[in-house]
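S.K.: The structure under discussion is supplied below as structure tokens; questions concerning it will follow.
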Amino acid sequence: MFNFDWLSGISQETAKIIFLALYAVIGFLVLLLPNEYIYQGVPEEHRHWWNNLKIWSIAVLLILSMIYSHF
């Protein structure tokens, strides 16, 4: 269905670097989200570090990137 023959010239190591760079860009964009957007609707006294979705999304991205770089 899709023709990806034009990618046959790219080495596996280069493809791995490209995808790891994409993970880094996504992580940077997540860090740019304002805290008020992350905690929208949560009162000030109920905001804890474990409720911060930035931390969890960065953790998931790190786990995915470690798995991807290993294999």
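Bear in mind these aren't lab numbers, they're just calculated from the coordinates by the rules spelled out. The model shown is predicted, which means the values in this text are computed figures rather than measured ones. Glycine also receives a Cβ, built like all others from the backbone with ideal geometry; neighbour counts cover every protein chain displayed.
S.K.: Test of understanding: among Leu33, Leu20, which residue is surrounded by 11 or more Cβ atoms within 10 Å (Cβ to Cβ), in contact with a Lys or Arg (Cβ under 9 Å, 6 or more places away or on another chain) and either within 16 Å of Ile58 (Cα to Cα) or free of Cβ contacts under 8 Å to residues at least 40 places away in the same chain (or both)?
M.R.: Leu33
S.K.: Also, quick follow-up: Anything in region 43-59 that is aliphatic (A, V, I, L, M) and surrounded by 12 or more Cβ atoms within 10 Å (Cβ to Cβ)? List them, or say none.
M.R.: Keep residues of region 43-59 that are aliphatic (A, V, I, L, M), which gives 53, 55, 58-59.
Those that are aliphatic (A, V, I, L, M) and surrounded by 12 or more Cβ atoms within 10 Å (Cβ to Cβ): Leu53, Ile55, Ile58.
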